[in-house]
Every structure is written in C-alpha cells, then in structure tokens.
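Read through the structure below, which is laid out as structure tokens, and then see the notes.
The values are calculated or read from the model by the stated rules, or taken from the named source; none is laboratory data. Remember, predicted model here, so these are calculated numbers, not experimental data. Cβ sites come from the backbone with ideal geometry, for glycine too, and all protein chains shown count toward neighbours.
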Amino acid sequence: MSRTNVRAAAAQVCFAVIDNGQSLSRELPRHQQTLANGKDKALLAELCYGVLRQLVQLERLISDRLQNPLKGKKRVIHHLLLVGAYQLYYTRVPVHAALSESVEATRKLKAPGMTKLVNGVLRQLERERPELSQDSPSLTYNHPGWLIKSLQQAYPDQWQQVLEANNQRPPMWLRNNASLQSREQYLQELQQADIAASAGDSQDAILLEAPTDVANLPGFDAGRVSVQDGAAQWAAELLDAQPGERVLDACAAPGGKTCHILERQPQLASLLAVDFDGERLKRVHQNLARLNLQAEVLQADASNLNASYDGEQFDRILLDAPCSATGVIRRHPDIKWLRRASDIDELVLLQQQILEHLWQWLKPGGTLVYATCSVLPQENERQIKAFAEKTDDVRIEAITAGSDTLGWQLLPGKAQTDGFYYAKLVKQSVPA
Ligand SMILES: C[S@@+](CC[C@H](N)C(=O)[O-])C[C@H]1O[C@@H](n2cnc3c(N)ncnc32)[C@H](O)[C@@H]1O
C-alpha cells in the first residue's frame with residue numbers, strides 16, 4: 001500500500017500552484033512519484049485538475065463555511081478543504097471515503113489539531129448540499145474575471161463556448177509518423193489493438209475515442225507515433241518545408257513541432273532548433289532520439305539570433321511564439337490562475353521583438369509561420385496586423401480551411417482541438 005495520502009498530496013500540489021504560482025506540470029509529477037500505484041497517481045491527477053478547473057465554485061463553497069479564513073501555515077488545510085469539496089460535488093468518490101481520507105490527510109499534513117474543522121466543514125457541506133452559485137460569470141464559468149472580459153470582447157458570440165471548452169477534459173490526439181507508415185495503416189493497427197480512433201483534419205492527426213497509456217500504442221517506443229494535439233499539428237503542415245531547404249524552428253522546445261517537420265520532410269538540407277531555455281532543450285534531444293531524427297539544436301535568444309549564430313538565412317521559419325497559452329487551458333487549467341492580465345502586454349512585446357528579428361533571417365521568397373496557442377487577439381491577429389503595417393516586404397498568405405487574410409484562429413473544443421492561431425507570412429523578393 002502507498003504510504004503517501006493522495007488527498008494530502010493533492011492539497012500540497014494545489015497549494016503550490018494556487019498560492020505559490022508553481023506550474024501544475026512541475027508539481028504534479030513530483031508528487032506522483034511518491035505514490036506506488038497507477039490508480040493513486042491517476043486519482044491525484046484527477047483531484048488536482050478538478051480543483052483547478054472548478055476553483056471559483058469550490059472557493060465559494062469553502063469560504064462560506066469557514067468562520068475565519070485559514071492563513072499562513074494553515075493554508076494547506078484550506079486547499080485540503082477544496083480537494084474535499086471537489087470530491088463531494090464533482091466526483092463519484094463515496095462520501096465516507098472523501099471525509100475519512102480528508103481527516104487522515106489533515107494528520108499527514110501535520111495539522112492534527114485541525115481534524116475537527118476539516119471534518120466539520122465537509123460534513124456541513126454534505127448535509128446542506130447548497131446549490132452552486134451562478135452570481136457572476138466568474139462563478140458560472142470558473143475563470144478569472146479579466147480573462148472572461150477579454151474573451152467577451154474578442155468573441156461576442158462564442159465566449160461562453162470557449163469558457164465551457166476550457167473546463168472540459170481534452171481528448172487524446174496522436175501524430176502518425178508519416179515517414180514510417182501512412183495514417184490509414186496506423187489506424188488499422190489501432191483497430192487491431194482494439195483502440196477506437198478516427199482521422200483528424202490535418203494530415204497526420206488521429207483522434208482517440210478514449211485516452212490510453214502510450215504503452216498500449218503499437219510502435220510508440222519505436223517512434224511510429226507521438227502524442228500531440230490536432231491543432232498543434234497544423235504547424236508543420238502549414239510550414240510545408242520542401243526537399244533541400246534550410247529550416248529554422250525558432251522557439252522549439254520541447255520539440256513536438258521540430259520532430260513533426262522532420263517526419264514530414266526527411267530531405268531537408270538542415271533544421272536548426274533554437275530555444276532560450278536549456279532545460280527545455282533537453283526534451284528536444286530526447287524527442288529527436290526517440291524518433292531517430294537529426295537536427296542542429298542551439299540554445300539562443302530568438303530575438304537576437306545574430307549573437308549566437310552566423311549561418312545563412314532560412315527558406316522557412318517556424319515561430320511558435322511564447323504566449324499566454326490561453327488556448328490550452330483544458331490541458332493546463334493552472335494557466336487560469338498563474339496568468340495575470342498584466343502578463344499579456346509583456347508577451348505581446350516579446351513576440352513582436354522575436355518576429356521582427358527573425359524576419360531578417362528569412363530569405364526573400366521564404367515563408368514564416370507564426371503560431372501561438374493563445375486565443376487573445378493581441379497576441380494573434382492584432383500582432384500580425386501591426387507587423388504587416390510596418391513591414392514593406394511581407395505578404396500574408398491566406399490559410400485555407402476557413403481563415404481570413406490575417407491568419408487562422410482555432411478555438412478550443414471546435415473540431416475537438418486546442419485553441420491555436422496561425423499566420424503564414426511570405427517575404428516578397430521585391431518590396432511592394
Ligand atoms: C510555445 S513553446 C514552444 C513549443 C514547441 N514549439 C513545441 O512544439 O514543442 C514556446 C517556447 O519559446 C521559448 N522561448 C521564450 N522566449 C524565447 C526567446 N527569446 N528565444 C528563444 N526561445 C524562447 C520557451 O522556452 C518555450 O520553449
């Protein structure tokens with residue numbers, strides 16, 4: 001039996017993310033490692049994701065039942081109460097298990113003096129079963145107010161769908177390795193393995209009916225398939241690299257799109273994968289190795305590549321820009337609470353600096369694909385509009401599949417993908 005109490009671990013993860021601004025993708029695996037079996041690891045993930053998805057409602061349920069807010073060292077117990085309330089309201093965990101495990105977790109968290117309070121608040125909640133409040137859009141949609149306002153402005157007819165999609169569990173998408181087999185062949189193999197799946201809109205995308213462990217996927221270790229959302233898979237397809245070309249993947253880590261570009265076009269002259277973050281670049285090396293692919297990997301600042309690189313210009317550049325990640329909230333619900341309204345202007349400036357700098361690195365006639373996993377127009381359509389207004393030698397190429405001339409905004413949940421933005425910029429040989 002595992003010695004770590006799953007509820008105590010969930011409270012610690014939520015405390016680290018919500019109060020201390022740590023990322024879920026860092027905290028969750030750290031705590032999962034302390035659990036012995038897969039069922040407990042999955043329960044821990046379910047509790048943490050759930051609390052982060054439904055946080056505003058849970059905060060209301062708990063704060064209405066606490067006479068005094070829990071402060072300082074007691075904050076972790078506040079998070080344990082959120083985890084408890086989540087189980088009572090949003091899961092099929094039996095009530096007695098939710099209550100007794102929460103009390104046990106209080107002891108594990110070295111707060112034996114608070115077991116009465118934890119038991120009391122959760123029992124009261126169970127007894128009263130108050131209706132979930134719909135007093136404000138923040139409560140209804142479990143998002144911070146600033147983000148709701150931004151989405152209302154950007155999508156007057158669709159903001160509710162975006163918010164609802166953000167709180168859904170995302171499906172699992174695969175990317176067929178086109179250099180090794182056709183998507184149809186791989187779909188057949190999945191069928192033989194009793195894994196229900198269908199083809200997505202982009203060429204290599206496969207949508208699984210239900211998520212599964214990668215160990216169950218035929219040929220995963222041999223690199224015949226990778227896990228990647230359907231929206232992210234448009235990047236390599238839109239870049240459309242040709243044999244003999246020099247390609248730059250400017251913000252490459254962890255390397256999902258780098259690998260896809262190489263799978264789609266094995267006859268490039270070269271591919272340079274750049275990222276600022278040395279730790280994240282290790283993942284690029286790991287992904288290349290698993291898929292048996294080769295690229296030049298460079299730690300450098302894409303807004304000042306000249307400082308670290310003195311090669312020739314590139315035929316194609318993918319700029320998968322650092323962004324608010326507001327399109328991938330369904331996969332990373334912590335983004336709702338980590339991101340601040342004030343971050344957006346800084347990100348927009350960084351994207352602008354990188355885009356303007358990389359434009360010098362593009363050959364005349366070359367193509368730059370600008371991508372973000374954001375749904376905010378400042379980072380997307382408005383960014384590209386501003387760039388086009390001050391750049392003589394750019395032509396914005398319309399992207400098919402329903403795009404307008406200023407790029408293509410995919411919204412989360414539509415076509416079952418994440419939210420993404422793409423713009424295709426061509427450098428004219430002679431400025432217009
Ligand atoms: C959206 S992620 C890239 C995801 C990647 N393209 C993939 O498909 O796996 C953005 C990346 O930009 C990197 N980044 C941020 N600022 C940068 C800069 N000034 N120069 C280079 N990379 C930067 C971050 O470290 C992060 O890895």
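Below are the figures for this structure:
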item	result
Subset tally (residues that are among the β-branched types (V, I, T) and assigned to a loop (DSSP other than H, G, I, E, B)) for region 327-349	2
Residue count for region 247-292, restricted to those that are part of a helix (DSSP H, G or I), polar (S, T, N, Q) and touching a Pro at 6+ places or on another chain (Cβ under 6 Å)	0
The listed residue being within 13 Å of the ligand (Cβ to nearest atom), within 20 Å of Q22 (Cβ to Cβ), among the small types (G, A, S) and not assigned by TED's automatic domain parsing to the domain that holds Q203, out of S324, S308	S324
Qualifying position, being among the small types (G, A, S) and within 24 Å of L362 (Cβ to Cβ), among A205, A210, A295, A215	A295
Meets criteria (closer than 30 Å to L147 by Cβ, more than 16 Å from the ligand (Cβ to nearest atom), without any contact (Cβ under 8 Å) to a residue 60 or more places away in the chain and basic (K, R)) for K336	no
Qualifying residue in region 284-303 (condition: in the same structural domain as Q242 (by TED's automatic domain parsing), in contact with a His (Cβ under 8 Å, 6 or more places away or on another chain) and within 9 Å of the ligand (Cβ to nearest atom))	yes
Answer from Q428, Q353, Q378, Q416 - the residue that is surrounded by fewer than 20 Cβ atoms within 10 Å (Cβ to Cβ) and within 17 Å of C251 (Cα to Cα)	Q353
Residue tally, condition within 12 Å of the ligand (Cβ to nearest atom) and among the small types (G, A, S), over region 268-280	2
Some residue of region 128-145 being surrounded by fewer than 15 Cβ atoms within 10 Å (Cβ to Cβ), in contact with a Pro (Cβ under 9 Å, 6 or more places away or on another chain), farther than 30 Å from Q294 by Cα and free of Cβ contacts under 8 Å to residues at least 60 places away in the same chain	yes
Residue that is nearest to E263 (Cα to Cα) [pool: residues in region 229-246 that are within 21 Å of the chain's Cα centre (by Cα) and part of a loop (DSSP other than H, G, I, E, B)]	Q233
Residue in region 74-85 that is surrounded by fewer than 22 Cβ atoms within 10 Å (Cβ to Cβ), in the same structural domain as D19 (by TED's automatic domain parsing) and over 19 Å from N20 (Cα atoms) present	no
Residue count for region 27-38, restricted to those that are modelled with pLDDT under 95 and part of a helix (DSSP H, G or I)	1
Enumeration of residues in region 196-223 that are among the hydrophobic types (A, V, I, L, M, F, W, C) and assigned to a loop (DSSP other than H, G, I, E, B)	A196, A210, L217, F220, A222
Meets criteria (within 21 Å of the chain's Cα centre (by Cα), within 16 Å of the ligand (Cβ to nearest atom), in a strand (DSSP E or B) and under 26 Å from P412 (Cβ atoms)) for S226	yes
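A quick yes/no check of all residues on (1) closer than 23 Å to Q203 by Cβ; (2) more than 6 Å from the ligand (Cβ to nearest atom); (3) not assigned by TED's automatic domain parsing to the domain that holds L180:
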position	(1), (2), (3)
L238	yes, yes, yes
A252	yes, no, yes
T258	yes, yes, yes
I261	yes, yes, yes
K282	no, yes, yes
